[in-house]
Amino acid sequence: MFGRSLRERIEELERDLYPVVRVNNYLDMPFAIFLYDPHDELTVRGEVQLLATRLKNKGKHVQVLSLAEVMQEALELALGKDGLKEFYDAERENGVEAAIQTVYQILSHERPLDKLVAERLHALDPANSIAFLTRAEALFPVYRTSALLDRLVNERVQVPTVLFYPGTLEGVNGLRFMGVLEAEHNYRARIY
C-alpha cells in the first residue's frame, strides 16, 4: 500500500472525488479509507487541508470533521465541563484502563460517537458534498473505526465520506489501527 508516495495516493483520491465521486462500489456505503503511517499524522493533516481547498475551488462543498473534536464534545455532553476535569483527575488515580472503559461506555452508549458524526453528515447535500473524517488517532485505543463506519451505514449516511486512517495494512484489506491493534478484516470501503 505504501509502495506509492503519500502525494500519489492523495492525487488518486482527488481524481476519484472530482468531477464524479467514485470512492466505493457499494451503493449503501459511500465510504473510502485513506490509509497512512501514524508517523505521518501532521503531514496528512496538511495534505487534507490542501485537498479540501482544491476541491472547494472546483465547486465541491467539503466538510472536514475532526473525530478528536467530536469525541471531546461527547465527553463534555456526558460529563459536563466540571465532570470532564474530574474525569481527567480520576484517570491519574484509577489508571488508564478505567479511563478507557469510561470513554468507551460514553462513546458507545451514552453519547454515541456514530450518532454525533451522522448528525453532521446528514446535514450535508450528498450531491455536492464530501466529508473528510480526520484525527482518528484520538480514538485509540478506545473506539475502533470499523465500528464507526458500520454504524454510519446503519445511520444511512449518503454523503461521500473519506476516513483518514492511521495504521498499517495486513493482507488485502486488514487494517491495524495505529499499527498496533489486531487487524480488522471486515472493511468494505475502498482503501487508498
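The values are calculated or read from the model by the stated rules, or taken from the named source; none is laboratory data. Just so we're clear, the structure is a prediction, and the values are computed from it rather than from any experiment. Backbone-built Cβ (ideal geometry, glycine too); neighbour counts: all protein chains shown. Accessible surface is based on the protein model in full, side chains and every heavy atom, while ligands, DNA and RNA are left aside. Shrake-Rupley method; radii C 1.70, N 1.55, O 1.52, S 1.80 Å.
The residues in the range 80-92 that are aliphatic (A, V, I, L, M) and either touching a Leu at 6+ places or on another chain (Cβ under 6 Å) or open to solvent by 60 Å² or more (accessible area, probe 1.4 Å) (or both) can be counted, and the count is 1. Restrict the check to the range 120-127 and report whether at least one residue is modelled with pLDDT under 95 and not aromatic (Phe, Trp, Tyr). Yes, because at least one residue in the range 120-127 is modelled with pLDDT under 95 and not aromatic (Phe, Trp, Tyr). From the list GLN49, GLN63, the one residue that fits, being modelled with pLDDT of 95 or more and within 11 Å of VAL162 (Cα to Cα), is GLN63. Name every residue in the range 1-13 that is over 25 Å from ALA147 (Cα atoms) and open to solvent by 70 Å² or more (accessible area, probe 1.4 Å), in order of residue number. Scanning the range 1-13 gives GLY3, ARG4, ARG7, GLU8, GLU11. Would you confirm whether or not the range 172-186 contains a residue that is closer than 24 Å to HIS61 by Cα and either open to solvent by 70 Å² or more (accessible area, probe 1.4 Å) or at pLDDT below 95 (or both)? No, every residue in the range 172-186 fails to be closer than 24 Å to HIS61 by Cα and either open to solvent by 70 Å² or more (accessible area, probe 1.4 Å) or at pLDDT below 95 (or both). Would the range 93-111 turn up any residue that is open to solvent by less than 70 Å² (accessible area, probe 1.4 Å) and among the basic types (Lys, Arg)? No. Of all residues assigned to the range 135-154, at least one qualifies as being under 25 Å from GLU47 (Cβ atoms), at pLDDT below 95 and among the small types (Gly, Ala, Ser). Within the range 150-164, the set of residues being in a strand (DSSP E or B), closer than 12 Å to ARG190 by Cβ and not β-branched (Val, Ile, Thr) comprises LEU163 only.
In the range 149-192, what count of residues is obtained for those that are without any contact (Cβ under 8 Å) to a residue 24 or more places away in the chain and farther than 20 Å from ASP28 by Cβ? Within the range 149-192, residues that are without any contact (Cβ under 8 Å) to a residue 24 or more places away in the chain and farther than 20 Å from ASP28 by Cβ number 7. For residues that are assigned to a strand (DSSP E or B) and in contact with a Phe, Trp or Tyr (Cβ under 7 Å, 6 or more places away or on another chain), tally how many sit in the range 165-192. The total comes to 5. The residues of the range 14-49 that are surrounded by fewer than 18 Cβ atoms within 10 Å (Cβ to Cβ) and either in contact with a Cys (Cβ under 6 Å, 6 or more places away or on another chain) or of a type in the set (Asp, Glu) (or both), listed by number, are GLU14, ASP16, ASP28, ASP37, ASP40, GLU41.
Would you check which residues across the range 112-145 are open to solvent by 40 Å² or more (accessible area, probe 1.4 Å), without any contact (Cβ under 8 Å) to a residue 40 or more places away in the chain and either in contact with a Lys or Arg (Cβ under 9 Å, 6 or more places away or on another chain) or assigned to a helix (DSSP H, G or I) (or both) and list them?
We begin by selecting, within the range 112-145, every residue open to solvent by 40 Å² or more (accessible area, probe 1.4 Å); these are 115, 119-120, 122-123, 125-128, 135, 140-141, 144.
Of the ones still in play, those that are also without any contact (Cβ under 8 Å) to a residue 40 or more places away in the chain are 119, 122-123, 127.
The answer is GLU119, HIS122.
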